[in-house]
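Scroll down for the structure; my scribbles are underneath it.
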Amino acid sequence: MSKASLVVLISGGGSNLQALIDAIENKELDAEIKAVISNKAAAYGIERAKQANIDIHVIDHTQYPDRQSFDQAMIEVIDPLQPDLVILAGFMRILSDMFIDHYRHRLINIHPSLLPKYKGLNTHQLAIDNRDKIHGASVHYVSRELDSGPIVIQTEVPVLASDNAETLASRVLIEEHKIYPIAIKMHIEDRLTFDNDQLKLDNKALTRPILWKNNNLIY
Ligand code: GRF
């Protein structure tokens, strides 16, 4: 089987991108990142891509009159690369329905909450404000509604009495770096498939997300 090809979209630090670069380097993932696209010229993730010799495209959304034309510009970079999967890794733009439909079932995101809880921003602060005992992160395929779509895997992270949003975020991030490569590996090995919009793992409907807990996968 030939190497899977990936395109990664970022806006910021790119630590999840780094986790993928590392997983490829360690041969955990049989894949190649064909390009990194950033909508921000100053994103630190660009440095990470440079270090790994990955092609970088800065597509600045402020240079486009509307969401649709920005998304179209990304499609023009992505499609010639024929990626098996388009990966959102801290990409902070809402995508148009046109873009989402174009990459249906091969567009994946990681979100720092136990979805469907806390869609959108400030998830860590919300978990603290609501006195949640358990917080976490979710990897999901992207559907039209923000931070929705079939969830592949979630990780749980305890909220400590001493936590603020930053300390909690940094512990969640450590777990994100573990679950994102796991989900991507399942996708590129064709273990994750769709029957219409029903997500399947190994040909069986995935009726609840896989849980990553204490360094184990719970199905
Ligand atoms: C992560 O918390 C991710 O879940 C969210 O944005 C953050 C990106 O971090 N979507 P990084 O850029 O990968 O370091």
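Residues in segment 1-57 average 48 Å² of solvent-accessible surface per residue, probe 1.4 Å, ligands and nucleic acids excluded.
Karplus-derived 3J(HN,Hα) values for segment 147-152, using 6.51 cos²θ - 1.76 cosθ + 1.60 with θ = phi - 60°, are 6, 10, x, x, 8, 8 Hz; glycine and proline are entered as x. For V58, the amide hydrogen comes within under 5 Å of the amide hydrogens of S38, counting only partners 5 or more places away or on other chains and with H modelled in the peptide plane. Using alpha carbons only, the radius of gyration of segment 1-56 set against its Kirkwood radius gives Rg/Rh = 0.96. Heavy-atom accessible surface of segment 69-148, averaged per residue, reaches 46 Å², computed with a 1.4 Å probe. Dividing the mean sequence gap of close Cα pairs (under 8 Å, 6+ apart) by how many residues segment 91-219 holds gives a relative contact order of 21 percent. For K213, the residues whose modelled amide H falls within less than 5 Å of its own, excluding neighbours fewer than 5 places apart on the same chain, are I218. Surface composition of the chain: carbon and sulfur atoms hold 48% of the protein heavy-atom accessible area at a 1.4 Å probe. Phi angles across segment 78-89 convert, under the Karplus curve 6.51 cos²θ - 1.76 cosθ + 1.60 with θ = phi - 60°, into 3J(HN,Hα) values of 6, 4, x, 7, 6, x, 6, 8, 9, 10, 8, 10 Hz, Gly and Pro given as x. If you take the Cα centroid of segment 39-90 and the Cα centroid of segment 142-192, the two points sit 21 Å apart. Residue-wise HN-Hα couplings along segment 112-117, as the Karplus relation 6.51 cos²θ - 1.76 cosθ + 1.60 with θ = phi - 60° gives them from phi, are x, 7, 8, 4, x, 5 Hz; Gly and Pro carry x. Spin-label model, K204 to D101: label points 7 Å out along the Cα-to-beta-carbon direction sit 3.5 nm apart.
The values are calculated or read from the model by the stated rules, or taken from the named source; none is laboratory data. Keep in mind it's a predicted model, so treat the numbers as computed, not measured. A quick note on method: Cβ atoms are made from the backbone with ideal geometry, for glycine too, and the neighbour counts reach across all protein chains shown. We work out accessible area using only protein heavy atoms, side chains counted, and drop any ligands, DNA or RNA first. Shrake-Rupley method; radii C 1.70, N 1.55, O 1.52, S 1.80 Å.
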